[in-house]
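J.: Below are the structure tokens for one structure; questions will follow.
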Amino acid sequence: MSYGADNKPHALATVSNAPDYIPSGNLTLTYTDFSKIKTLTEGNRLYEISYGVDDQRRKSVFTQGSATTTQYYFSQKLRLCRITSNILLTCSCVK
């Protein structure tokens with residue numbers, strides 16, 4: 001990495017040996033009325049987050065093309081269930 005872009009000594013100018021998975025497209029964010037991320041969009045990928053009345057995450061939906069994965073966040077003990085193509089894949093519990 002090198003710094004000093006636009007005559008600003010702490011501004012990142014270049015990244016060397018970057019892995020291939022760093023996105024090159026534009027990332028678009030939208031926010032809820034209570035300043036939490038609502039959607040992230042990049043190309044044909046969309047990540048949507050839904051919150052409960054306590055402003056805590058309750059559901060997220062990741063869509064890429066025609067494939068969709070939905071995750072539900074229930075409580076501290078039952079953290080998430082992942083559903084893809086209407087098939088329950090996993091439920092994770094926290095001790």
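The values are calculated or read from the model by the stated rules, or taken from the named source; none is laboratory data. The model shown is predicted, which means the values in this text are computed figures rather than measured ones. Methodologically, a virtual Cβ is constructed for each residue, glycine included, from the backbone with ideal geometry; neighbour enumeration extends over all protein chains shown.
J.: Going through 40, 46, 29 one at a time, which residue ends up being surrounded by 14 or more Cβ atoms within 10 Å (Cβ to Cβ), under 30 Å from residue 2 (Cα atoms) and modelled with pLDDT of 90 or more?
T.: 40
J.: Further question: For residue 71, state whether it is at pLDDT below 85 and part of a strand (DSSP E or B).
T.: The answer is yes for residue 71.
J.: Take the range 49-59 and flag every residue that is at pLDDT below 90 and either in a strand (DSSP E or B) or surrounded by 14 or more Cβ atoms within 10 Å (Cβ to Cβ) (or both).
T.: Within the range 49-59, 57, 58, 59 qualify.
J.: Is it true that some residue in the range 6-26 is β-branched (Val, Ile, Thr), at pLDDT 75 or above, part of a loop (DSSP other than H, G, I, E, B) and loosely packed, with under 10 Cβ neighbours inside 10 Å?
T.: no
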